[in-house]
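The values are calculated or read from the model by the stated rules, or taken from the named source; none is laboratory data. Keep in mind that what you see is a predicted model, and the values were worked out from it rather than measured. Because the Cβ atoms are built from the backbone with ideal geometry, glycine has one as well, and the counts that use them run over all protein chains shown. All accessible areas refer to the heavy atoms of the entire protein, side chains included, with ligands and DNA or RNA removed. Shrake-Rupley method; radii C 1.70, N 1.55, O 1.52, S 1.80 Å.
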Amino acid sequence: MKTICWNIQIILLSLVLMSLVCACSLAKTKYYSLSGIDKSMIPYQIGDTVRYVDDKGDLVTLVASEIQEEWVPGEENEFTGKLHDVTEYRRVFLRSEQGASLFIQIEGGGEPRRSLRAVGLNSRSTLIYRVLYDSKGDFVEVVTWDNDVFAHKYYVYDKIWLNNHVYHDVAMYYGRHSQYKDTIQFYYNKSHGVLQMTENGKTLFTLDTVIFAGAR
């Protein structure tokens with residue numbers, strides 16, 4: 001009987017040690033940094049001037065005034081207390097003298113499919129303006145959700161006309177949330193940045209002109 005109990009104790013101890021070894025092996029923090037491809041998805045640099053036509057037909061002038069880069073910690077390992085991962089973020093802010101603003105954000109990641117997000121001007125949407133791209137910097141076309149409540153659709157156009165201008169390689173996101181009666185469309189490309197935001201059938205603003213402060 002003692003032999004059986006002793007064997008059980010050894011097995012339990014082995015399981016505990018194996019758990020600790022696995023926990024330690026998983027405790028190494030992963031760092032998801034921004035690649036050169038990621039950073040090239042946002043064309044703006046400090047001093048760039050961007051003019052939009054707003055929903056009233058007026059010109060709104062924004063200037064790229066701030067770029068933030070930071071590492072954001074993720075969740076902690078429950079066994080060791082160490083971080084599972086740390087992700088690098090880059091945010092570019094464009095502002096006007098009247099207080100209007102627009103910012104675009106990208107984040108480092110190990111996933112093949114990555115996300116670029118934008119928030120700005122007079123948007124009041126419950127949805128997030130975003131487009132998807134891969135590790136090569138190519139926009140991704142996919143329907144990730146489409147039912148009676150939600151819709152998240154990503155399209156890619158070889159060229160498209162907006163505000164009497166033709167733009168090439170344009171990503172468009174369509175989002176819908178029926179519960180909040182919220183629908184948005186977002187057009188973006190890597191050469192000019194944010195091209196247009198539409199909310200609940202109303203065009204919030206459309207790109208008119210980009211004046212780059214320096215050579216690209």
Test of understanding: among 129, 133, which residue is under 13 Å from the mean Cα position of the chain (by Cα), open to solvent by less than 40 Å² (accessible area, probe 1.4 Å), hydroxyl-bearing (Ser, Thr, Tyr) and over 13 Å from residue 190 (Cα atoms)? 129
Any residue in the range 126-141 that's at negative phi: show its pairings with residues that are of a type in the set (A, V, I, L, M, F, W, C) and open to solvent by 60 Å² or more (accessible area, probe 1.4 Å) at Cβ separation under 8 Å, as long as the two are six or more apart or on different chains. 128/119; 129/119; 135/37; 136/37
Run down 32, 52, 133, 129 and say which single residue is among the hydroxyl-bearing types (Ser, Thr, Tyr) and more than 28 Å from residue 180 (Cα to Cα). 32
Would you mention how many residues in the range 142-156 are among the charged types (D, E, K, R) and either within 25 Å of residue 40 (Cα to Cα) or touching a residue at least 12 places away in the same chain (Cβ under 8 Å) (or both)? 2
Taking the conditions exactly as written (more than 30 Å from residue 201 (Cα to Cα), open to solvent by less than 80 Å² (accessible area, probe 1.4 Å), of a type in the set (S, T, N, Q) and at pLDDT below 65), does residue 40 satisfy them or not? no
Within the range 159-187, residues open to solvent by 30 Å² or more (accessible area, probe 1.4 Å) and closer than 17 Å to residue 41 by Cα come out as 168, 169
In this structure, does residue 159 turn out to be closer than 24 Å to residue 54 by Cα and in contact (Cβ under 8 Å) with a residue 60 or more places away in the chain? no
Examine the range 188-197 for a residue that is open to solvent by 50 Å² or more (accessible area, probe 1.4 Å), more than 23 Å from residue 133 (Cβ to Cβ) and not in a strand (DSSP E or B), and state whether such a residue exists. no
Evaluate the range 69-82: report whether one residue or more is open to solvent by less than 50 Å² (accessible area, probe 1.4 Å), at pLDDT below 85 and part of a helix (DSSP H, G or I). no
Of everything in the range 134-154, what is assigned to a strand (DSSP E or B) and within 15 Å of residue 117 (Cα to Cα)? Give them in sequence order. 139, 152, 153, 154
